[in-house]
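Enquirer: Mind looking over this structure? Questions follow.
The values are calculated or read from the model by the stated rules, or taken from the named source; none is laboratory data. Since the structure is predicted, the reported quantities are computational estimates derived from the model, not experimental observations. Counting neighbours? That spans all protein chains shown, and the Cβs are built from the backbone with ideal geometry, glycine included.
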Amino acid sequence: MKNIINDANIPKKQRAAEMSRAKSIVNIIKEPVVVVDKDGSIIEANSEFYSTFQLQRNNDFEFGLKNIPLFQELNQVLENKQRGKHGITDLNISLELPNEGKKNFLINAGLLDPQGNSLDFILISFNEVDVKPVGKRNEKNDLENFHDIFSQAPAMICILRGPEHIFELANDNYFQLVGNREILGKTVREALPEIENQGFFEMLDNVYNSGETFTGSELPIKLYVGKQELKNSFLDFVYQPILDASNEVDGIFVHAVDVTEKVMARKKLEESENELRKLVDTVPAIIWITRPDGQNHYLNKNWFEYTGQIESESKDFGWLKAVHPDDEKRIRETFTKANNNQEDFTISFRLRNWEGTYRWVLDSGSPNYSAEGEYEGMIGTVVDVHEEKVKEQLIKEKEHRIRSVIKEADVATALYTGREMTIEIANDAMIELWGKDHSVVGKTLREALPELEGQPFHDLLQEVYETGETYWGKEDPVDLMIDGKLQTGYFNFTYKVLRNEKGGIYGILNMAVDVTEMVKSRELLKESESRFKQLADLLPEKVANIDAHGNFVYFNQGWLDYTGLTAEELIEKGWMNYIHPHEKEDYFKNWQDSLKSGKEFEMEFRYLNKKNKYKWHLSRAEAVKDENGKIQMWICTATEIQKIKLEEKRKEDFLKMVSHELKTPITSIKGYVQLLLSLLKKEKEGEISGKPYEMYLERVDHQINRLTRLISEMLDLSRIEKNKLDLQKETFSLNSLIAETVQDINYTNTGHNIYITGDYECDVYGDKDRIGQVLINLVTNAIKYSPLNPDIEVRINKANESKVSVSVKDAGIGIGKESQKKIFKRFYRVDGNNEETYSGFGIGLYLANEIIQRHSGSLRVKSEMGKGSVFTFTLLEALED
């Protein structure tokens with residue numbers, strides 16, 4: 001039996017099916033039955049077989065039929081008889097039973113598969129009979145025994161006779177399968193017409209004609225279980241040919257098992273897995289699952305879209321082919337260790353994307369267990385972190401460069417971190433300056449240099465750390481303990497903050513130059529001191545030296561950075577060529593006067609930079625003279641004042657605009673007042689009888705309102721700049737505010753049709769007057785910029801779960817794309833052909849935007865030239881009590 005089971009040439013599925021069928025057959029038969037292989041080894045036997053022949057299952061099962069003395073005669077007969085399709089029918093053999101003497105048995109034997117295409121299992125049945133002629137056999141008892149077998153069988157069994165496959169016998173389970181129809185005596189085609197075109201008729205015909213057994217596994221079948229109701233089932237079944245006395249097929253034995261529940265459960269599981277895969281594919285990340293041995297079991301579609309791999313390439317450990325070669329060993333070892341230890345892991349590595357570019361990803365995995373606690377493999381995600389990784393590397397490189405620069409710098413340099421000012425790095429020059437050794441690195445400045453207590457440096461460092469402002473020390477005295485003595489030195493030094501990638505301060509860079517000797521020798525080096533003092537006092541952004549004849553001999557780095565030239569190139573080209581043409585003549589005249597007279601030079605003019613743009617500078621030059629007053633050289637500085645100039649221009653433009661805007665309503669008021677005075681005079685003289693005062697007074701009132709609004713906007717602008725714009729918040733109906741505002745505007749602007757749409761109603765919490773101010777601004781702007789189309793729509797909508805939006809739509813001149821980017825900036829005005837029609841400070845929308853932002857809302861515009869504009873602001877709805 002062991003050799004049969006382990007035969008590598010027999011398909012596993014077929015072997016299991018044959019073994020199952022053999023077991024099913026012997027267990028439903030009451031008479032002794034045994035199944036042996038072609039070598040006589042016992043494959044299966046029922047309990048009746050062991051009890052009848054007084055055999056032990058565990059012991060005799062291992063040897064086989066031919067090794068049991070009781071069956072020597074039977075074995076001889078089996079060897080002499082022709083086997084295969086012919087088999088043995090009603091062979092009468094006398095067997096000597098222990099303690100019972102001789103008994104006669106009718107032996108029937110045949111192959112489970114008569115063609116011998118599978119396992120060559122032989123079914124042998126023993127039917128005890130009295131010692132009578134074979135022809136005297138009690139066929140009635142045999143038939144009763146056979147019917148008992150049929151009725152008690154747990155499977156669905158029937159017998160079909162003849163080439164038409166007429167139902168001869170069927171057990172209750174088979175009748176239930178076919179809906180308890182009357183099938184006996186009918187052909188299969190007559191009894192079960194619905195299985196036409198399902199393949200079963202052809203299977204039966206083939207078994208009958210060929211004599212070969214057919215085994216079906218989980219085959220689907222549709223049968224009527226009611227009048228018009230078709231039921232889908234799945235069956236495991238065997239069509240076994242039945243041989244007559246002449247070894248010819250005269251029928252088919254059908255043995256079937258309903259496996260519908262098993263199949264449906266598996267299909268449901270597969271559907272659930274498919275649904276889960278679809279769901280996993282929607283997750284914006286790469287998800288993977290492995291088997292317990294670590295090989296790839298599943299990758300969602302994001303993997304294939306990201307890497308460009310196809311499914312066959314990623315099987316088993318194929319996914320490693322997309323990993324950077326330098327990272328493959330590391331990721332394999334990390335994953336293998338985590339899988340073997342069934343533990344979490346996280347690792348970053350470079351993964352090739354579909355474009356062939358390697359990008360950094362973060363892979364995180366955890367062990368996956370079944371409901372029974374069995375380890376099923378790992379499950380995890382892969383996330384692209386390339387930008388973060390590159391940024392991290394840049395930070396490390398920056399830190400490395402800082403360390404390298406500090407260590408290699410000729411200037412004494414140290415880096416302090418944290419508020420405690422821990423000495424992170426100090427180069428040899430700084431260590432020597434302090435008079436200490438490298439053991440001070442890692443200590444706080446207070447611990448390393450206790451002699452600084454009582455001196456101002458700890459407070460200076462804290463101030464720089466808190467404010468972020470660089471401190472420049474010039475010839476500051478410092479008392480340091482050097483060689484066991486407290487010595488005073490003078491230093492030029494800087495405390496400059498260092499910031500991380502988020503802008504936070506994490507340390508201070510200290511660079512120092514020992515100028516002790518220079519300070520001490522100041523009296524002896526007056527000329528050098530004078531030059532140094534002038535340079536130190538000016539500390540300009542851009543510095544140049546000019547000899548006594550007016551020739552430039554030196555430009556500092558500021559000039560080189562500004563012009564994009566080297567010092568040699570700048571000297572060769574001459575800086576006169578970088579002065580704006582409008583100021584070049586005045587500059588030359590003034591500079592020549594200074595050269596001749598030795599007087600200080602000062603002038604504002606524009607310099608050309610490396611981007612080919614002119615920027616305003618304040619240029620100063622001072623002569624350095626010897627003791628006799630002779631000019632030795634000129635020190636020239638240039639300070640950029642472009643922003644100051646722009647601010648002056650802005651203020652100038654603003655004053656012009658304010659003057660114009662205020663002058664217009666005042667002029668109108670003055671005109672109407674003069675007209676009214678004239679009318680009053682004429683009325684007294686009797687020249688006019690009517691009194692058109694009301695119309696003119698309304699116009700005066702309109703101009704006064706306009707003037708009031710301009711002044712109000714200016715005050716609001718001032719409050720915003722000082723952050724003193726107070727909001728009187730309350731809960732109010734936004735719909736009522738909109739209705740009241742539109743009604744008021746319609747009353748004073750009869751030339752436009754302003755209407756409200758949208759049926760959403762809500763309350764908001766905010767400053768009602770300020771929100772009304774925003775709405776008035778948007779509607780009056782719509783009126784102003786749509787003179788030809790009178791329709792203006794105000795719409796209220798639900799924006800999202802917690803916000804409401806209000807839109808003002810017109811069909812006016814529209815706003816260009818460039819203007820849309822700037823329209824909410826202070827003092828910005830949309831260009832118009834008619835200055836009077838489109839007048840204004842350019843602060844209305846700026847104020848509206850500030851008010852809405854202070855209500856945690858937003859204001860946006862959507863517009864197209866010639867088609868109108870839509871301004872929309874959103875507000876938070878008031879929370880319900």
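Enquirer: Taking into account only those residues within region 212-232 that are touching a helix residue (DSSP H, G or I) at 6+ places or on another chain (Cβ under 9 Å) and acidic (D, E), which is surrounded by the fewest Cβ atoms within 10 Å (Cβ to Cβ)?
Expert: E218
Enquirer: Considering Y495, Y554, which residue is surrounded by 15 or more Cβ atoms within 10 Å (Cβ to Cβ), modelled with pLDDT of 80 or more and out of contact with any helix residue (DSSP H, G or I) (no Cβ under 6 Å at 6 or more places or on another chain)?
Expert: Working: Y495 fails: out of contact with any helix residue (DSSP H, G or I) (no Cβ under 6 Å at 6 or more places or on another chain).
The conditions single out Y554.
Enquirer: Next question, about the same structure. Please verify whether I157 is in a loop (DSSP other than H, G, I, E, B), buried (at least 17 other Cβ atoms within 10 Å of the Cβ), more than 58 Å from the chain's Cα centre (by Cα) and among the aliphatic types (A, V, I, L, M), treating the condition exactly as stated. Break it down stepwise before answering.
Expert: Numbers: in a loop (DSSP other than H, G, I, E, B): no; buried (at least 17 other Cβ atoms within 10 Å of the Cβ): yes; more than 58 Å from the chain's Cα centre (by Cα): yes; among the aliphatic types (A, V, I, L, M): yes.
Taking the combined requirement at face value, the residue does not satisfy it.
Enquirer: Is there any pair linking a residue in region 860-881 that is outside the structural domain of K825 (by TED's automatic domain parsing) and on the phi < 0 side of the Ramachandran plot to one that is aromatic (F, W, Y) and in a loop (DSSP other than H, G, I, E, B), with Cβ under 9 Å and at least six apart or on different chains, and which?
Expert: The qualifying pairs do not exist here.
Enquirer: Where the second residue is modelled with pLDDT of 90 or more and of a type in the set (K, R) and the first is over 13 Å from D791 (Cβ atoms) and buried (at least 16 other Cβ atoms within 10 Å of the Cβ) and lies in region 738-761, which pairs have Cβ atoms under 7 Å and are six or more apart or on separate chains?
Expert: Within 7 Å, the pairs are G758/R795.
Enquirer: Those residues that are assigned to a loop (DSSP other than H, G, I, E, B) and charged (D, E, K, R), I need them from region 485-516; list them, please.
Expert: E501, K502, listed by residue number.
Enquirer: Mind checking which pairs have a first residue in region 302-318 that is in contact (Cβ under 8 Å) with a residue 40 or more places away in the chain and farther than 23 Å from P292 by Cα and a second that is of a type in the set (F, W, Y) and loosely packed, with under 14 Cβ neighbours inside 10 Å, Cβ under 8 Å, 6 or more apart or different chains?
Expert: E305/W354; Y306/W354; T307/W354; G308/W354
This table checks each residue for (1) of a type in the set (A, V, I, L, M); (2) at pLDDT below 80; (3) within 20 Å of A155 (Cβ to Cβ); (4) assigned by TED's automatic domain parsing to the domain that holds L235.
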residue: M19; (1), (2), (3), (4): yes, yes, yes, no
residue: I25; (1), (2), (3), (4): yes, yes, yes, no
residue: I28; (1), (2), (3), (4): yes, yes, yes, no
residue: P32; (1), (2), (3), (4): no, no, no, no
residue: D37; (1), (2), (3), (4): no, yes, no, no
residue: S47; (1), (2), (3), (4): no, no, yes, no
residue: T52; (1), (2), (3), (4): no, no, no, no
residue: F61; (1), (2), (3), (4): no, yes, no, no
residue: K66; (1), (2), (3), (4): no, yes, no, no
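Enquirer: Please give the number of the condition L235 fails out of (1) surrounded by 16 or more Cβ atoms within 10 Å (Cβ to Cβ); (2) of a type in the set (A, V, I, L, M, F, W, C); (3) at pLDDT below 90.
Expert: Unmet condition: (3).
Enquirer: Okay, next question. Where residues in region 76-108 are among the polar types (S, T, N, Q) and either buried (at least 17 other Cβ atoms within 10 Å of the Cβ) or out of contact with any Lys or Arg (no Cβ under 7 Å at 6 or more places or on another chain) (or both), which of them is modelled with the lowest pLDDT?
Expert: Q82
Enquirer: Restricting attention to region 377-392, does a residue exist that is surrounded by 14 or more Cβ atoms within 10 Å (Cβ to Cβ), touching a Pro at 6+ places or on another chain (Cβ under 7 Å) and outside the structural domain of F491 (by TED's automatic domain parsing)?
Expert: Taking every residue of region 377-392 in turn, at least one turns out to be surrounded by 14 or more Cβ atoms within 10 Å (Cβ to Cβ), touching a Pro at 6+ places or on another chain (Cβ under 7 Å) and outside the structural domain of F491 (by TED's automatic domain parsing).
Enquirer: So, one more: Would you mention how many residues in region 461-484 are crowded, with 16+ Cβ neighbours inside 10 Å and part of a helix (DSSP H, G or I)?
Expert: Residues meeting the conditions: 3.
Enquirer: For region 557-578: of the residues being over 53 Å from the mean Cα position of the chain (by Cα) and surrounded by 12 or more Cβ atoms within 10 Å (Cβ to Cβ), which is farthest from I635 (Cα to Cα)?
Expert: Residue satisfying both the conditions and the ranking: K573.
Enquirer: Same structure, new question: Kindly indicate whether N173 is buried (at least 16 other Cβ atoms within 10 Å of the Cβ) and modelled with pLDDT under 90.
Expert: yes
Enquirer: Exactly one of these conditions fails for T488: (1) crowded, with 17+ Cβ neighbours inside 10 Å; (2) over 19 Å from E424 (Cα atoms); (3) of a type in the set (V, I, T). Give me its number.
Expert: (1)
Enquirer: Given the structure, is L646 surrounded by fewer than 16 Cβ atoms within 10 Å (Cβ to Cβ), assigned to a helix (DSSP H, G or I), at pLDDT below 90 and under 48 Å from the mean Cα position of the chain (by Cα)? Write out each step before concluding.
Expert: On the way: surrounded by fewer than 16 Cβ atoms within 10 Å (Cβ to Cβ): yes; assigned to a helix (DSSP H, G or I): yes; at pLDDT below 90: yes; under 48 Å from the mean Cα position of the chain (by Cα): yes.
Answer is yes for this residue.
Enquirer: Here's another thing I want to ask about it. Report whether or not K443 is closer than 18 Å to V513 by Cβ and either free of Cβ contacts under 8 Å to residues at least 40 places away in the same chain or in contact with a strand residue (DSSP E or B) (Cβ under 9 Å, 6 or more places away or on another chain) (or both).
Expert: no
Enquirer: Please state which of the following conditions Y607 fails to meet, knowing it meets all the rest: (1) surrounded by fewer than 18 Cβ atoms within 10 Å (Cβ to Cβ); (2) over 30 Å from M518 (Cβ atoms); (3) at pLDDT 85 or above.
Expert: Only one criterion is unmet by Y607, namely (1).
Enquirer: Sort out which residues of region 312-326 are of a type in the set (S, T, Y) and farther than 19 Å from R359 by Cβ, and write them in order of number.
Expert: Within region 312-326, S312 is the sole residue that qualifies.
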